[in-house]
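The structure appears right after this line, and notes come after that.
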Amino acid sequence: MASAGKAEALFKGRQFDQEIIVVCVRWYLRYKLSTRDLVEMMAERGAVLVHTTILRWVQRYVPEFEKRWSRYARPVGGSWRCDETYIRVKGRWTYLYRAMDKVGRTVDFHLSERRDVNAAKHFFRQAMKSVGTPRVITLDAYAASHRAVRELKAEGRLPRRVRVRSSKYLNNMIEQDHRRIKQRTSPMLGFKRLDNAAVTISGIELVQKIQKHQFKTGKLGGRSATMPELWNAVLAA
């Protein structure tokens, strides 16, 4: 009963049931659907929504969903592949810094208006705070990222023992993984604000990590559990 109460409290006062909210947010983050697609799909199920409601749900609940799933996160490896890609926000290109370990598990991401040393340093500091210090960092040839690592070592924020490699070949994995994010953001037709874009992308990264089995789901029903069952278990825990 106490666990059920936690989930009920999260959705207290909402016009729509928990199930509808979670399904809309989860499908929006996982599949190539626009909010208007979801409005039509929910209408067939008897739920009359407007597309802005779904966008508000994404901004309201993604941070909560991340917090609850993080309790079950598996550790990532110490060999990081780091790269940047582009996301359009308010008609301008912004820069999405991402890292994966050598087996493809997502490490972290950072969305920045600029692609420079300070943005790279912020990303590395954030990633280390989240998952710990890497053993190896693989970068492309972009000079600012290499300078960021050197400065972090000089400042004592990154141990000097951390090895840095420059390899286009080894970073093919993360360049391919960028497509998971870009394929999902394309139907969204651009973002209006950087902070809203960051929340949405964090939700996309979350559902991708779930697909990559980056969470310990044994206590939540294991791999035999359906996706709705896993989400209900996480929210009730």
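Need one word for segment 7-71: rounded, prolate or oblate. Basis is the Cα gyration tensor (sqrt eigenvalues a ≥ b ≥ c); a/c below 1.5 gives rounded, then a/b vs b/c decides. Taking the square roots of the gyration eigenvalues as a ≥ b ≥ c, segment 7-71 is oblate. Charged side chains reduced to their Cβ positions (Lys and Arg at +1, Asp and Glu at -1) give segment 109-237 a dipole of some 480 debye around its Cα centre. Compute a Gaussian network model of the chain, connecting alpha carbons closer than 10 Å, and tell me which residue from Val50, Val76, Val149 fluctuates the most. Comparing Val50, Val76, Val149 in a Gaussian network model of the chain, the most mobile one is Val50. Helices of the chain meeting both criteria, an alpha-carbon length of 15 angstrom or more along the long axis and an average Kyte-Doolittle score not below -0.5, with helices taken as full DSSP H segments, are 18-30, 117-131, 143-154, 194-211.
Here the spin labels are modelled as points 7 Å beyond Cα on the Cα-Cβ line, and at Glu8 and Met173 they lie 4.5 nm apart. The length gained by stretching the chain between Asn196 and His122 to full extension, at 0.36 nm per residue less their Cα-Cα distance, is 24.8 nm.
The distance from the alpha carbon centre of segment 146-174 to that of segment 87-119 is 16 Å, rounded to a whole number.
Gain on full extension, evaluated as 0.36 nm per residue between Arg163 and Arg74 minus their Cα-Cα distance, stands at 29.7 nm.
So if each residue of separation counts as 0.36 nm, and I subtract the Cα-Cα distance between Tyr31 and Gln183, what length gain in nm does that give?
Contour length minus Cα-Cα distance gives 53.8 nm.
Divide by every residue of the chain the summed helix terms, -39500 (n - 2.57) for each DSSP H run of at least 4, and state the resulting mean residue ellipticity at 222 nm, rounded to the nearest 500 deg cm²/dmol.
-16000 deg cm²/dmol
Ranked for footprinting exposure by Cβ neighbours inside 10 Å, fewest first, Ser224, Ser166, Ser112 give Ser224, Ser166, Ser112. One entry in [x] 52, 39, 36; [y] 62, 48, 31; [z] 57, 42, 29 is Cα extents along the principal axes in Å calculated from the shown coordinates; its label is [z]. Take every pair of alpha-carbon atoms less than 8 Å apart whose residues are at least six positions apart; their mean separation over the length of the chain yields a relative contact order of 25 percent.
Residue order for Tyr95, Tyr61, Tyr142, Tyr28, fewest other beta carbons within 10 angstrom first, comes to Tyr142, Tyr95, Tyr61, Tyr28. Taken about its Cα centre, the chain carries a charge dipole of about 860 debye when Lys and Arg each add +1 at the Cβ and Asp and Glu each add -1 at the Cβ.
FYI, it's all coordinate maths here, none of it is from the lab. Note that the structure is predicted; figures quoted are calculated from it, not measured. Neighbour counts run over all protein chains shown; Cβ positions are idealised from the backbone, glycine included.
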